[in-house]
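Remarks on the structure that follows.
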Amino acid sequence: MSKKPLIDLVHITKSFDGACVLDDMSLSIHENEFLTLLGPSGCGKTTTLRILGGFVQPDQGKVIFDGQDITQVPPNKRNLNTVFQKYSLFPHMNVEENIAFGLKIRHKSDAYIRDKISYALKLVNLDGYEKRMPSLLSGGQQQRVAIARAIVNEPQVLLLDEPLAALDLKLRQDMQYELIRLKNELGITFVYVTHDQEEALTISDTVVVMNQGYIQQMGTPEDIYNEPENAFVADFIGDSNILDGLMIRDELVEILGVKLPCVDTGFGEYRPVDVVIRPEDVKLGDPGQGFLDGVVSHIIFKGVHYEMEVMAGGFEWLVQGTKAFPVGTPVSLSVDPFDVQIMNKPESEDEKAVALDE
């Protein structure tokens, strides 16, 4: 990945009907990066993508593409293409006509267009589908045609707005791997929007977690999952036990009236904090063996593990493990100090967790 960004969103602000959707947001995207904008509905991720694509103008801020200010440049003049959730295929055109549409507008030769169609269909594993009509294609096939139509234009950047949301689980998983393969083969930059945490962790080089118009955290999937910056990120990415805590001193925190060793330092003494413990990091044993005793209140078999709820210390813990503890079983809870994550409590709901100008 190059050090110089291919795209810079600089202090972008956008409101609709008086409601702020993006609040002074800055973001850098590098060449050949698979970057995913992740967050709940209304967090500003799709608006960010549409500003990148030129479909929405920011109220303030600039869009810099390869060193050039393209904030006022229309979508058809930008060297990027967008694949929408609704595939937007022309129903009266067959597959090859759909793919050729943009190339014909650019007055490319018939031989060039034929070569590009053949190349794109091979890339998306639809070789031989040239004459099919969209109505005769499955959802996954239609999505592949939409991607083929975008990549024949050789964009530097491909924008994808929840393109797999309408597909069933198995097909969605298959398409995730297809997108990773395409990104590696084409060597172009992907900017992807989703609200699906598992999808973001699977396909991305970089995940940008958004909420209320702010970037809450940006990093690799491993960083986002293992080292969340705040309780919102911890709760949104995977399952978490999030508790109010009191940092007694370095490497010692109190939760539910129990002192618990941790590895975090620099939070001060007797300071309120948020404590996050992932369910897979909680170990169950016989009563008296851990830091807290409780009783199993619920259990579900999830295939690769059991998911249990344990009432302990007046808190309902979520625990995941390969050993089943039946409902009603008295247990103790243990956790390694390295798996206890401490984070500052925000001073307000709108507090930004990450400085975007870093």
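The values are calculated or read from the model by the stated rules, or taken from the named source; none is laboratory data. The model shown is predicted, which means the values in this text are computed figures rather than measured ones. Because the Cβ atoms are built from the backbone with ideal geometry, glycine has one as well, and the counts that use them run over all protein chains shown. The area values use the complete protein model at the heavy-atom level, side chains included, leaving out ligands, DNA and RNA. Shrake-Rupley method; radii C 1.70, N 1.55, O 1.52, S 1.80 Å.
Being at pLDDT below 95 and not polar (S, T, N, Q): is that true of Val304 here? The answer is yes for Val304.
Looking at Ile224 and the list (1) open to solvent by 10 Å² or more (accessible area, probe 1.4 Å); (2) within 32 Å of the chain's Cα centre (by Cα); (3) on the phi < 0 side of the Ramachandran plot, which single condition is not satisfied? Here Ile224 clears every test but (1). Of all the listed residues (Leu201, Leu158), the sole one being open to solvent by 10 Å² or more (accessible area, probe 1.4 Å) and more than 15 Å from Lys45 (Cβ to Cβ) is Leu201.
Residue pairs whose Cβ atoms lie under 8 Å apart, sitting 6 or more positions apart in sequence or on different chains, and linking a residue in the range 297-308 that is under 14 Å from Val331 (Cβ atoms) to a partner that is part of a strand (DSSP E or B) and aromatic (Phe, Trp, Tyr), are Ile299/Tyr306. Among residues that are in a helix (DSSP H, G or I), touching a Phe, Trp or Tyr at 6+ places or on another chain (Cβ under 8 Å), open to solvent by 10 Å² or more (accessible area, probe 1.4 Å) and farther than 30 Å from Phe315 by Cα, Gln141 is included.
What are the residues in the range 15-60 that are hydroxyl-bearing (Ser, Thr, Tyr) and either touching a Phe, Trp or Tyr at 6+ places or on another chain (Cβ under 8 Å) or not in a strand (DSSP E or B) (or both), if any?
Thr36, Ser41, Thr46, Thr47, Thr48 - these are the residues of the range 15-60 that are hydroxyl-bearing (Ser, Thr, Tyr) and either touching a Phe, Trp or Tyr at 6+ places or on another chain (Cβ under 8 Å) or not in a strand (DSSP E or B) (or both).
All of Lys104, Lys108 fail the test of being part of a loop (DSSP other than H, G, I, E, B), modelled with pLDDT of 85 or more, within 23 Å of Val157 (Cβ to Cβ) and over 32 Å from the mean Cα position of the chain (by Cα), apart from Lys108.
Applying a threshold of 8 Å to beta carbon distances and a minimum spacing of six or more residues, or different chains, the list of pairs starting in the range 181-204 at a residue that is touching a residue at least 12 places away in the same chain (Cβ under 8 Å) and ending at one that is assigned to a strand (DSSP E or B) and open to solvent by 10 Å² or more (accessible area, probe 1.4 Å) reads Val193/Asp161. For the range 111-125, filtered to residues that are assigned to a helix (DSSP H, G or I) and open to solvent by 80 Å² or more (accessible area, probe 1.4 Å), the residue that is nearest to Ala166 (Cα to Cα) is Lys122. Considering only the range 323-338, I want to know if a residue exists there that is buried (at least 16 other Cβ atoms within 10 Å of the Cβ), modelled with pLDDT of 95 or more and in contact with a helix residue (DSSP H, G or I) (Cβ under 8 Å, 6 or more places away or on another chain). Yes, the range 323-338 has at least one match. One residue alone among Ile255, Ile277, Ile242 is more than 30 Å from Leu35 (Cβ to Cβ) and in contact with an Asp or Glu (Cβ under 8 Å, 6 or more places away or on another chain), and that residue is Ile255. Scan the range 271-279 and give yes if some residue there is over 15 Å from Gln341 (Cβ atoms), touching a Pro at 6+ places or on another chain (Cβ under 7 Å) and open to solvent by 40 Å² or more (accessible area, probe 1.4 Å), otherwise no. Taking every residue of the range 271-279 in turn, none turns out to be over 15 Å from Gln341 (Cβ atoms), touching a Pro at 6+ places or on another chain (Cβ under 7 Å) and open to solvent by 40 Å² or more (accessible area, probe 1.4 Å). Take the conditions (1) open to solvent by less than 10 Å² (accessible area, probe 1.4 Å); (2) in a strand (DSSP E or B); (3) closer than 23 Å to His11 by Cα; Met218 misses just one of them, which is (1).
Just for the range 65-83: of the residues that are touching a residue at least 24 places away in the same chain (Cβ under 8 Å) and surrounded by fewer than 17 Cβ atoms within 10 Å (Cβ to Cβ), which one is farthest from Lys4 (Cα to Cα)?
Restricting to residues being touching a residue at least 24 places away in the same chain (Cβ under 8 Å) and surrounded by fewer than 17 Cβ atoms within 10 Å (Cβ to Cβ), the top hit is Asn79.
For the range 161-188, the set of residues classified as closer than 24 Å to Pro40 by Cβ and among the small types (Gly, Ala, Ser) consists of Ala165, Ala166, listed by residue number. The single condition among (1) in a helix (DSSP H, G or I); (2) farther than 24 Å from Lys45 by Cβ; (3) open to solvent by 80 Å² or more (accessible area, probe 1.4 Å); (4) not aromatic (Phe, Trp, Tyr) that Arg132 does not satisfy is (1).
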